[in-house]
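Student: The structure follows.
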Amino acid sequence: MLTLRAAGVRMKGDERILGDGKFVEQVMRETEEVFERQMRLRLQGYDLQRLAQKVNDLVGVDPLRERGRYRMVVQARRVFCYWAVRDLGMSGAMIAKELGITQPAVSMAVKEGEQIVRERRWKL
């Protein structure tokens with residue numbers, strides 16, 4: 001590694017651990033895109049309340065207020081968890097506390113919410 005550095009060759013990581021530089025650059029680019037989307041949504045005013053309103057508009061149930069195992073409530077909470085964690089970058093622990101459920105339940109809801117959003121082609 002020192003000989004490459006002495007020769008002026010720059011690398012984005014140790015290939016023995018991460019793979020070649022192209023892989024590292026791709027991962028960095030994807031991470032940057034996710035971060036930019038999160039910031040764009042937050043600049044548009046998306047927070048938990050606005051997200052809950054969006055879900056309420058689509059499903060007809062407020063995921064922050066409604067509780068129970070009714071089909072529409074469960075669906076609304078799954079979509080809410082998916083968008084909160086994946087699109088807004090909020091932690092599963094924070095969402096769990098807000099909804100009064102466990103963090104593993106949020107993780108499962110994120111997975112199931114992703115399916116719902118894809119099937120219905122909903123966009124945040």
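The values are calculated or read from the model by the stated rules, or taken from the named source; none is laboratory data. This is a predicted model, so every value here is computed, not measured. Glycine also receives a Cβ, built like all others from the backbone with ideal geometry; neighbour counts cover every protein chain displayed.
Student: Assess whether Asp87 counts as being under 12 Å from the mean Cα position of the chain (by Cα) and either touching a residue at least 60 places away in the same chain (Cβ under 8 Å) or not assigned by TED's automatic domain parsing to the domain that holds Thr31 (or both).
Tutor: Numbers: under 12 Å from the mean Cα position of the chain (by Cα): yes; either touching a residue at least 60 places away in the same chain (Cβ under 8 Å) or not assigned by TED's automatic domain parsing to the domain that holds Thr31 (or both): yes.
The answer is yes for Asp87.
Student: Pairs under 8 Å by beta carbon, first residue among the hydrophobic types (A, V, I, L, M, F, W, C) in the stretch 22-33, partner in a helix (DSSP H, G or I), six or more apart or different chains?
Tutor: Close Cβ pairs satisfying both conditions: Val24/Leu18.
Student: So in the stretch 71-92, with the set limited to residues that are of a type in the set (Val, Ile, Thr) and closer than 25 Å to Phe35 by Cα, which one is surrounded by the fewest Cβ atoms within 10 Å (Cβ to Cβ)?
Tutor: Among those residues, the one meeting the criterion is Val85.
Student: While we're on this one: Taking Ala76, is it in contact with a helix residue (DSSP H, G or I) (Cβ under 9 Å, 6 or more places away or on another chain) and either more than 21 Å from Thr31 (Cα to Cα) or among the charged types (D, E, K, R) (or both)?
Tutor: When the stated conditions are applied, Ala76 passes them.
Student: Let me ask you something else. Can you tell which of Val55, Val61 is more than 17 Å from the chain's Cα centre (by Cα), crowded, with 18+ Cβ neighbours inside 10 Å and aliphatic (A, V, I, L, M)?
Tutor: Just a single option satisfies the conditions, and that option is Val61.
Student: In this structure, is Arg42 outside any helix (DSSP H, G or I) and either on the phi < 0 side of the Ramachandran plot or of a type outside the set (Phe, Trp, Tyr) (or both)?
Tutor: So Arg42 fails the test.
Student: Of all residues in the stretch 109-124, which are of a type outside the set (Gly, Ala, Ser), assigned to a helix (DSSP H, G or I) and surrounded by 15 or more Cβ atoms within 10 Å (Cβ to Cβ)? Break it down stepwise before answering.
Tutor: Step one: of the stretch 109-124, the residues of a type outside the set (Gly, Ala, Ser) are 110-112, 114-124.
Now restrict to residues that are assigned to a helix (DSSP H, G or I): 110-112, 114-120.
Once the filter is applied, which keeps residues that are of a type outside the set (Gly, Ala, Ser), assigned to a helix (DSSP H, G or I) and surrounded by 15 or more Cβ atoms within 10 Å (Cβ to Cβ), the stretch 109-124 yields Val110, Glu112, Glu114, Ile116, Val117.
Student: Something else about it: Which one is modelled with the lowest pLDDT among residues in the stretch 77-94 that are in contact with a Leu (Cβ under 8 Å, 6 or more places away or on another chain) and assigned to a helix (DSSP H, G or I)? Lay out the reasoning, then the answer.
Tutor: Applying the first criterion (in contact with a Leu (Cβ under 8 Å, 6 or more places away or on another chain)) to the stretch 77-94 yields 77, 79-81, 83-84, 87-88, 90.
Applying the additional criterion that residues be assigned to a helix (DSSP H, G or I) yields 77, 79-81, 83-84, 87.
Numbers: Arg77: 97, Val79: 98, Phe80: 98, Cys81: 98, Trp83: 97, Ala84: 97, Asp87: 93.
The extreme case among them is Asp87.
Student: Are there any pairs with C-beta distances below 7 angstrom linking a residue in the stretch 50-76 that is modelled with pLDDT of 95 or more to a residue that is among the basic types (Lys, Arg) and crowded, with 16+ Cβ neighbours inside 10 Å, with the two at least 6 apart or on different chains, and if so which?
Tutor: Taking only residues 6 or more apart or on different chains, the pairs are Pro63/Arg77.
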